[in-house]
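Below is one structure, written out as structure tokens; comments come after it.
The values are calculated or read from the model by the stated rules, or taken from the named source; none is laboratory data. Worth saying up front: this structure is predicted, and the values here are computed from it rather than measured. Cβ coordinates were reconstructed from backbone atoms using ideal geometry, including for glycine residues, and neighbour counts include every protein chain displayed. What goes into the accessible areas is simple: the full protein's heavy atoms, side chains included, and nothing from ligands, DNA or RNA. Shrake-Rupley method; radii C 1.70, N 1.55, O 1.52, S 1.80 Å.
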Amino acid sequence: MAQPLVSHPEPLEPPLRPLLAAQPSRFILLEREVEQEYRPQMLEALQRKVNTVAEEARAAVPECPRCGQPMIYHDTRPVSWLAHWGRLQASPSRYRCSPCKQERRPLLDILGVEPGRICGSLARRLGLLAAVAPYELAARLARLLLGVTISAMGVWRVAQRLGQAAANYSEALSQYHADSRSEGAAVDHAPPAVVLGIDGCTLGMQVRTYRRRRVGAEPLPALPAIEQGHFREVKTGVVLLPRERVETSPGRRSVVRRFLVTCLGDADEIFRRLYAQVRELGWVGPHTVVVIVGDGAEWIWNRAAMFLQRCEILDFWHALEHAWAFARLRYGEGSAQADQWVHQIAEDLRAGKVQEVIARLQRLRPKTPELRESLQALIRYYRENAGRMRYDEYLRLGYGIGSGAVESAHKQVVHARLRQAGMRWSESGVRRLLALRLLLLNDNWELLDRMRMVSLA
Ligand SMILES: [Zn+2]
């Protein structure tokens, strides 16, 4: 049971006395008392139900998954596993098919438990804590919320096994939809337009090839500094319907629903996942316009071509950021003139006057080589993207002009858990954790109940 984190000497000194009672409230004590009393009873009740299932499973002789022949009884050995209220026991029979080198313990398959491991709901709840908090903190939350004592490493292990299951599932899903013969969801109710946005950031990766070991009570040796090349890009894609954008307060928009996909690295991979997600939703029909919002990075536009009916939009704020870069150089950081200059450009761009803006920029005669270079870069950027800067049209069609929803989604998926101070990741660690976070943020967490935890060597 949970112990108080700090114990105070009693009796308390006067300034603290009115603020801190000598004991927890009577009601809290009652709640704890009942919990203590019924925990063993819950465990017993659960054990009885497990025994009933074991009884039912006794007669079943499994077929070999490879050759289909009935398997041969081998032995019966007791096993146990951990659940929320304690340890459960069973004696599953083991069957074998020697020619195929296959082995089965039907009872464990029926129950979906693994000997010696944390299983069932407890495992899922620990996975949930690990998906939202660093492992040390998750272990503390497990104690405070669930009354379960577990080490950070214990939480880590559970999260890896569940995360691998979730990662396998989302990988299989995108493979399934990548095959054009596969059946997507029905597109009878496909929307007229769907918005896809992509954002990315880098994560510091572990450079060590072995785990650090604690020697006695000594603290772990410090990690080496991150070197060049030990960063990996994580990308997040968002799928949403423009018609589901609502104005929550003047100027503030949010979306009713959005679906997230994510991956480590590769540009093709994030598009594969986006494609799988829209097919899974049945959101791209023969008349659907796929609206792709990007920051001007070539790799996004190169791959956007996979959608035949598309509308490419250069994120409005990125377009302005480039104008700011020049304005700061020309008028000085934080000057009112820079502000005014960019404001005018923003207004014109919003009105769809990108060609006029470009023409105006070309008439400027900057005095220094540095300014000239900056101006040329700005003109080039607007010219290359002019076809994606018809903001008046996008606003009229209700597509939106910014990738704010994408950026906030990306921060929620990645930054909030994986980019905290000093964090370094292994590739498999990132993949697993991202897969868990996606289930949670896409409101699909229950799917995990139907996934088999993956045993990791
Ligand atoms: Zn066989």
Legend entry - In sequence order, calculated HN-Hα J values of the stretch 317-334 (Karplus, 6.51, -1.76, 1.60; Hz; x Gly/Pro): 6, 5, 4, 6, 4, 5, 5, 4, 4, 6, 4, 5, 5, 7, 10, x, 4, x
Inset, instruction - Report the charge-dipole magnitude of the stretch 41-100 in Debye, nearest 20, computed about the Cα centre from +1 at each Lys and Arg Cβ and -1 at each Asp and Glu Cβ. - result: 140 debye
Legend entry - Inter-label distance, nm, simple model (7 Å from Cα along the C-beta direction), ASP268/SER408: 3.5 nm
Legend entry - Selected from ALA435, LEU281, LEU107, residue furthest toward positive end of dipole (the chain; charges at beta carbon): LEU107
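For ALA421 and GLU384, compute 0.36 nm times the residue count separating them, minus their Cα-Cα distance, and round to one decimal in nm. Each step should come with its number before you reach the end.
Working: separation 37, 0.36 × 37 = 13.32 nm, distance 3.77 nm.
Extra length from ALA421 to GLU384 when fully extended: 9.6 nm.
Keeping the other protein chains in place, figure out the carbon and sulfur percent of the accessible area of the chain, with a 1.4 Å probe. Kindly include the intermediate steps, with their values, before the conclusion.
Values: 13800 of 26420 Å².
Carbon-and-sulfur percentage of accessible area, whole number: 52.
Can you show me the helix-derived [θ] at 222 nm for the chain, built from DSSP H runs with n ≥ 4 at -39,500 (n - 2.57) apiece and divided by the number of residues, rounded to the nearest 500. Please list the in-between numbers first.
On the way: 14 runs with 194 residues, N = 457.
After summing the helix terms and dividing by residue count, I get -13500 deg cm²/dmol.
For LEU456 and THR248 in the same chain, what is the full-extension length gain: residue separation times 0.36 nm, less their Cα-Cα distance, in nm? Walk me through the numbers before you get to the answer.
Details: separation 208, 0.36 × 208 = 74.88 nm, distance 4.55 nm.
That pair, LEU456 and THR248, stretches by 70.3 nm at full extension.
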Inset, instruction - Enumerate the calculated ³J(HN,Hα) couplings along the stretch 388-405 in order (Karplus 6.51 cos²θ - 1.76 cosθ + 1.60, θ = phi - 60°), each rounded to whole Hz, writing x wherever the residue is Gly or Pro. - result: 10, 10, 8, 4, 4, 5, 4, 5, 5, 7, x, 6, x, 10, x, 9, x, 5
Legend entry - Alpha-carbon centroid distance for the pair the stretch 368-443 / the stretch 115-162, whole angstrom: 32 Å
Inset, instruction - Give the peptides 148-159, 87-98, 329-340 in descending order of average Cβ contacts within 10 Å, highest first. - result: 148-159, 87-98, 329-340
Legend entry - Nearest-20 debye value, the chain charge dipole, Cβ charges on Lys, Arg, Asp, Glu: 780 debye
Inset, instruction - Would you kindly derive the ³J(HN,Hα) couplings of the stretch 164-176 from the backbone phi angles with the Karplus curve 6.51 cos²θ - 1.76 cosθ + 1.60 (θ = phi - 60°), listing them in order in whole Hz, with x for Gly and Pro? - result: 5, 4, 5, 5, 4, 5, 6, 5, 5, 5, 6, 5, 4
Legend entry - Principal axis dimensions, largest first and in whole angstrom, of the stretch 363-457 by Cα: 66, 38, 20
Legend entry - Euclidean distance of C-alpha centroids, the stretch 260-328 and the stretch 332-362, integer Å: 25 Å
Inset, instruction - Specify which residue in the list GLY352, LEU128, MET153 is farthest towards the positive end of the charge dipole of the chain, using unit charges on the beta carbon of Lys, Arg (+1) and Asp, Glu (-1), about the Cα centre. - result: MET153
Inset, instruction - Evaluate the charge dipole of the stretch 1-126 about its Cα centre and quote only its size in Debye, nearest 20, assuming +1 on the Cβ of each Lys and Arg and -1 on the Cβ of each Asp and Glu. - result: 560 debye
Inset, instruction - Using 0.36 nm per residue of separation minus the Cα-Cα distance, give me the extension gain between ILE72 and GLN340 in nm, one decimal. - result: 88.2 nm
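With the contact rule set at Cα under 8 Å and sequence spacing of 6 or more, what percent relative contact order holds for the chain?
Working: 633 pairs, mean separation 74.6, N = 457.
RCO, the chain: 16 percent.
With both bridge residues required to lie in the chain, what share of the DSSP beta bridges run antiparallel, to the nearest 5%?
On the way: 33 of 45 bridges.
Percent antiparallel among DSSP bridges in the chain is about 75.
Ranking request for peptides 283-290, 399-406, 125-132: highest mean number of other beta-carbon atoms within 10 Å first, then the rest in descending order.
Ranking, from highest mean packing down: 125-132, 399-406, 283-290.
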Inset, instruction - Report the Stokes-Einstein translational diffusion coefficient (µm² s⁻¹, integer) for the chain, Rh taken as the Kirkwood radius over Cα pairs, at 25 °C with viscosity 0.890 mPa s. - result: 91 µm²/s
Inset, instruction - Run the numbers on the stretch 112-172 and let me know its relative contact order in percent, using alpha-carbon pairs under 8 Å that are six or more apart. - result: 31 percent
Inset, instruction - Answer with one residue from SER455, GLY237, VAL256: the one whose Cα lies farthest towards the positive end of the charge dipole of the chain, charges on Cβ with Lys, Arg +1 and Asp, Glu -1. - result: SER455
Legend entry - Taking only Cα atoms of the stretch 27-160, radius of gyration then Dmax in Å: 18.3, 63
Inset, instruction - Roll a 1.4 Å probe over the protein chains and send me the accessible area per residue for the chain in Å². - result: 58 Å²
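Take every Cα-Cα pair in the stretch 242-390 and report what % of them are more than 26 Å apart.
Details: 4423 of 11026 pairs.
Within the stretch 242-390, distances greater than 26 Å cover 40 percent of Cα pairs.
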